[in-house]
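The values are calculated or read from the model by the stated rules, or taken from the named source; none is laboratory data. It should be emphasised that the depicted structure is a prediction, and the values quoted were computed from it without experimental measurement. Here the Cβ is made from the backbone with ideal geometry for all residues, glycine too, and neighbour counts use every protein chain on show. We work out accessible area using only protein heavy atoms, side chains counted, and drop any ligands, DNA or RNA first. Shrake-Rupley method; radii C 1.70, N 1.55, O 1.52, S 1.80 Å.
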Amino acid sequence: MVASAQKIIISGYYGFRNSGDEAVLQSILSALQKHSQAAGIKVEPVVLSIDPEWTTATYGVKAVHRMKLGEVRSAIKNSAGLISGGGSLLQDVTGSKSIPYYLGIIKLAQWLGKPTFIYAQGIGPVNRKLFHPLIKSVFRKCAYVSVRDEQSRRLLQSMGLNGDQVEVVPDPVMGLNLPEDSKDYSRITDLESRAQQTVGISVRFWEQSRKELDALAAGLLKACAQLPLHLRFLPFHHPSDNEASRYMMLKLEEEISGLGGTVSICEDALHPQQMLREVGQCDVLIGMRLHSLIYAAGRRVPLIGISYDPKIDHFLERVGCQPIGSTAALDSNRVAAEVVQLLESGEEWKRKREPQIASLVQEAEAPARQIIEYFRRKG
């Protein structure tokens, strides 16, 4: 007999329409549902979101405004525990407010006597040393800590945490599937679509000069001069990635038709599984956004990563790849050569990496299993 529902608060960067973070949420929700059903436990997620109405409409779960402290405190007080993650929540590169906010939410749950769980987070960079003892203090009181790469574990160790108590797991999005997923990752296409192979492109603004986007556009034009390509822009963070995509499209559109290529943009894939489907239709994916690369790996789409943050390099290493360059130094000739090479030898790329990718997909649900097991034992 299934017991009464366990309300579990989920804290993260949710409701901002960032496809990567929304995919993290979808992955956590799916994994919790799967493993709670297997354990005979009923879980009722409550998400802390910047847009609770949108989150509820999108995922069919309860949501609370993440910035309304009274509502957040009430939700945590009436819960069985709190999950923090995943994503890059504890870093101070994008500002100094992120770490105090997310640590504050975890600490509030601990003050209220609730078990807290760190779910496959990417820790760092943490350049302000004053945050180190705060992270250590909060994490030491967590019931379970998992991070998405070995570098995050080592950073926590350098802060004084026992590394043996930190589990290294894949990013939760590695476990994301389409609802009707048949596990068949071969692309079924007709002759017309095969005449123009699709290169998915996920870009963001980073360098002030836009030199990385200029170099990428030049590389894509050189690739189109060798093969007729459909360049499909996939914005992961709205609206900023839409603007970065359109910046590149303006550079491409004048010349691409003369090379037999086409260009388009997908601006309506707001649900993670919609974007996952889009990525799965590509023959190659070029990504600056981490989760565009994770989507591609999960759908067995050959990928090319452009590094702007260590998290890109860490993920590429886990799937046996290296970045083609960085935003600071990107060579258009190398981009063109890599695109053409992957389009011609995509099946070999998939075969070589299948064992690594399959293992990451299987391990991605480890935190959900651990959390549900915690509540099963308590029950």
Legend entry - For the chain, average projected area of the Cα convex hull in nm²: 18.7 nm²
Inset, instruction - Please list, or write none, the aspartates and glutamates whose alpha carbon is within less than 15 Å of the alpha carbon of Lys42, excluding same-chain residues fewer than 8 places away. - result: Glu373
Legend entry - Solvent accessible area, Å² - Phe205, 1.4 Å probe, full protein context: 60 Å²
Legend entry - Charge context of Thr58, other residues only, Cβ under 15 angstrom, K/R +1, D/E -1: -3
Inset, instruction - Using amide H atoms built 1.01 Å from N in the peptide plane, name the residues 5+ places from Gly87, or on other chains, whose amide H lies under 5 Å from its own. - result: Gly122
Legend entry - Bins of 10 Å, starting at 0 and running to the largest distance - Cα pair percent for region 23-175: 11, 40, 39, 11, 0
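So what are region 327-376's ellipsoid semi-axes, whole angstrom, largest first, if each one is the square root of 5 times an eigenvalue of the alpha-carbon gyration tensor?
38, 17, 5
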Inset, instruction - Based solely on C-alpha atoms, express the radius of gyration and the Dmax of region 217-284 in angstrom. - result: 12.4, 35
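Would you work out if region 8-76 is rounded, prolate or oblate? Take a ≥ b ≥ c from the square roots of the eigenvalues of the alpha-carbon gyration tensor; rounded if a/c is under 1.5, else prolate when a/b is larger than b/c, oblate otherwise. Working shown, then result.
Numbers: a/c = 2.27, a/b = 1.33, b/c = 1.71.
Oblate, because a/c is 1.5 or more while a/b does not exceed b/c.
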Inset, instruction - Under 30 Å Cα to Cα from Lys311, which lysines show up? Leave out anything in the same chain fewer than 8 places away. - result: Lys34, Lys97, Lys107, Lys129, Lys136, Lys141, Lys183, Lys211, Lys222, Lys251, Lys350, Lys352
Legend entry - Tail weight of P(r) past 17 Å, computed on alpha-carbon pairs of region 229-377, percent: 67 percent
